[in-house]
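Derivation of every value follows stated rules applied to the coordinates shown; laboratory data play no part. These numbers were taken from a predicted model, which means no experiment stands behind them. Positions of Cβ are backbone-derived with ideal geometry, glycine not excepted, and every protein chain shown enters the neighbour counts.
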Amino acid sequence: MKLTKICMLATLLVCGSITIHAQEAAEQFTVATLNVDGLPQKILVLKLNPDGPGDEGTARIGKYLQRKGYDLVMMQEDFSFHGVLSVWLEDDYKMDEWSGTIGLENKQIDFLHLQNHRFACDGLMGCWKNDLQVTVAARTPWKNNFGKFSHANDEIITKGFRRYDVTLRSGDRIVVYNLHMDATLDEDEAEQKAEKDREARIAQLEQLKEDVLQNLDSRPVIITGDMNCLYGRDNVKQVFIDAINETGRGNASDVWVELQQKGVYPTAPSTETTSNGETLDKIIYINPTMGTQIKPVACSIDKEGYLYDGKPLGDHWPLAATFQILSRATAIQTIHNDNSSESRWYNLKGQRVNEPQHGIFIEQKGEKSDKRIRR
């Protein structure tokens, strides 16, 4: 039977065309991102984050996550209350290495040159269900930040991104990024003093794009985290999403835009109090041109159980998405042979590419042709 199928495939190839159809798998998985607002409420006598959730509120965040049971949870600002948070997750989840807190205890600080000090912690924390296999592939600081003692103090900590290699229950592999980008204060935006903040975020998007493309292979990629970006304020679509799509190596899309905005990206000027439902947190996914494909089937700004005393427990509302895994050979177009005397590679969408890991190889020499599929 196997030999018969191979012969049938070879016959199709010799005839000069092949069509491979997509088949959907039943596997689904969930991803959530949330800023847990874990800055210390004060350092010595300095009030740093007096309205933060503290021990009590952070415990409620831990209970919330335990109850929701997302497969992958990517958190930001996990600083001073990590122990209170993680105790609710340790039975069901494995966790990334905690980078520490912002504080003066046991730290050598040159108070005469505070402008040069930066806490080594990034506040990023990834959690994944016990039956997932996850490797931390990279912890990378941003090359550009703005604001040491103003503009949200982004230069005080080591903001950046973490990249994870994830093997799902089905055996399919994906790549997940967790990140925290430079912030903008509402008062700076109102006084039109946020230009340097936006420039820092654009530089960070450029750095993120380069890392994504450098590591892009046959695995889908999910970008998630507190991007501090709004589409009507920051040029995320052109600098990151469109730039990746234009390479022909992958197709990037924002889950919230795709499912709740019918694919239309907001363009009107917006602030953190925007009324169109957009949040500063984003979940963007990238399907490689060749390889496993995923699609979002649900997206929610998850307020259920996250409201306490009339405000969200953390810095923002959690953003969650459900993805479905598709078969590796998806969206294939029929490929027609021609008489040109050269070797070429086509990806599984029928597009001409450089030699790939997966694709249809056509080598023609005069009237002879040799066609092979690399899966």
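The length gained on full extension between SER170 and GLN238, counted as 0.36 nm times the residue separation minus their Cα-Cα distance, comes to 21.1 nm.
Between ALA120 and SER300, the simple label model (points 7 Å from Cα in the Cβ direction) yields a spacing of 4.0 nm.
Report the paramagnetic label zone for GLU27: residues of segment 201-233 whose backbone N is under 11 Å from a point 7 Å from Cα along the Cα-to-Cβ axis. What the label zone holds, given the 11 Å backbone N cut-off, is 220. Here is the link list: LYS209/LYS237; LYS68/LYS282; LYS68/LYS209. Which ones come out longer than 21 Å on Cα distance? In this structure, LYS68/LYS209 exceed 21 Å between Cα atoms.
Modelled label positions at VAL87 and GLU199, each set 7 Å beyond Cα in the direction of Cβ, lie 4.6 nm from each other.
Report the FRET efficiency, 1/(1 + (r/R0)^6), for GLN260 and SER218, where r is their Cβ-Cβ distance and R0 is 22 Å, rounded to 0.05. Efficiency, from the Cβ-Cβ distance: 0.15.
Computed over neighbours whose Cβ is under 14 Å from that of GLY62, the net charge equals -3, Lys and Arg +1, Asp and Glu -1. Each Lys or Arg adds one and each Asp or Glu subtracts one; over the other residues with Cβ under 9 Å from the Cβ of VAL36, this totals -4.
The H on the amide N of ASN35, modeled in the peptide plane, is under 5 Å from the matching H of GLN76, ASP315, HIS316, each at least 5 residues off or on a different chain. Summary of packing: across the peptides 164-174, 58-68, 221-231, 28-38, the per-residue average of other C-beta atoms within 10 Å ranks them, highest first, as 221-231, 28-38, 58-68, 164-174.
Peptides 297-303, 256-262, 124-130 ranked from most to least packed by the mean count of surrounding Cβ atoms within 10 Å: 124-130, 256-262, 297-303.
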